[in-house]
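Below you'll find the structure, written out as structure tokens, and then a few comments.
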Amino acid sequence: MSSFRDKTIIITGASEGIGRALALELAPQRPKLVLAARNRERLESIAAECEELGTETLIVPTDVTSEDGCKNLVEQAVKRFGGMDVLVNNAGGTMWELFENVEEISIFEHLMRLNYLSGVFCTYHALPHLKESRGLIVGISSIAGMTGVPTRTGYAASKHAQFGFFDSLRIELKGTGVDVTMIAPDFVVTQIHKRALKGDGTPLVDTPLKEENVMSARECAMLIIDGMEQRKRLVIGSSRGKLGRWLKLFLPEKMDEIARKAIDSGQ
């Protein structure tokens, strides 16, 4: 039997990128997918594709930087499907600018709300239902949540906060049956890089990544599903990321060098 058949799964940031790929990869297992993002049209498109693959969907246009929006998302999911089993906190954004060149400091507050507080808001309202189902919380973070990354100070800070919150919550939830799985991808080919904020707060538009050398969203989604099925504590999306975890402890300057080269090379 499929791991997630008939399970209710909320995915934030589901309209494109990793969230969209995750929904499509889960759909053949026939869960009940609750798809959240701001753009209704794109949500309707991905929902139609998922339903063609045999799953039931609910779209909930949501601004996850708003606590009320996150509360409504959970309430709509529970109203439609009677409960929930998995919450995937995937919505996020990034920046690409040296800190000294930042002109619009509000970028930092925006990224903290989008990448960190959105997960706090959704988890706060979902937790009572996840306790009932002995469910799973998934945080889609980044390798940047485990080490410093130049030009991405605000992004890395928000992803560090995300790790700190969910790692702490995992300890609190021991014995409840609710597990927390953290995902730390390396670079992934998604729209997030084209929408990365420059120092003036406007989108980058042209991705700085060499996308032919970067993991696809579908490959990332498959790693996430494997982590979800096994309820792993942590999934790191590249050998570079796994190596970096140890280099930061024993050779931190070497890790700094690797991070700088990754940004300079765009891969």
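In the set 127, 87, 73, which member is of a type in the set (A, V, I, L, M) and surrounded by fewer than 24 Cβ atoms within 10 Å (Cβ to Cβ)?
127
Would you point out which residue out of 179, 226, 206 is touching a residue at least 12 places away in the same chain (Cβ under 8 Å) and out of contact with any helix residue (DSSP H, G or I) (no Cβ under 9 Å at 6 or more places or on another chain)? Talk me through it step by step, then tell me what you get.
Values: 179 fails: out of contact with any helix residue (DSSP H, G or I) (no Cβ under 9 Å at 6 or more places or on another chain); 226 fails: touching a residue at least 12 places away in the same chain (Cβ under 8 Å).
Just a single option satisfies the conditions, and that option is 206.
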Residues that are of a type in the set (A, V, I, L, M) and touching a helix residue (DSSP H, G or I) at 6+ places or on another chain (Cβ under 7 Å), drawn from segment 109-155: 111, 112, 120, 126, 136, 137, 138, 140, 143, 144, 146, 149
Contacts under 7 angstrom Cβ, first residue in segment 98-109 being touching a residue at least 40 places away in the same chain (Cβ under 8 Å), partner among the aliphatic types (A, V, I, L, M) and surrounded by 15 or more Cβ atoms within 10 Å (Cβ to Cβ), 6 or more apart: 107/95; 107/197
Check segment 74-92 and report whether any residue there is out of contact with any helix residue (DSSP H, G or I) (no Cβ under 8 Å at 6 or more places or on another chain) and closer than 26 Å to residue 189 by Cα. no
Has segment 194-206 got any residue that is part of a loop (DSSP other than H, G, I, E, B), within 30 Å of residue 29 (Cα to Cα), at pLDDT below 80 and of a type in the set (Val, Ile, Thr)? no
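The values are calculated or read from the model by the stated rules, or taken from the named source; none is laboratory data. Just so you know, these numbers come straight off a predicted model, no measurement behind them. Because the Cβ atoms are built from the backbone with ideal geometry, glycine has one as well, and the counts that use them run over all protein chains shown.
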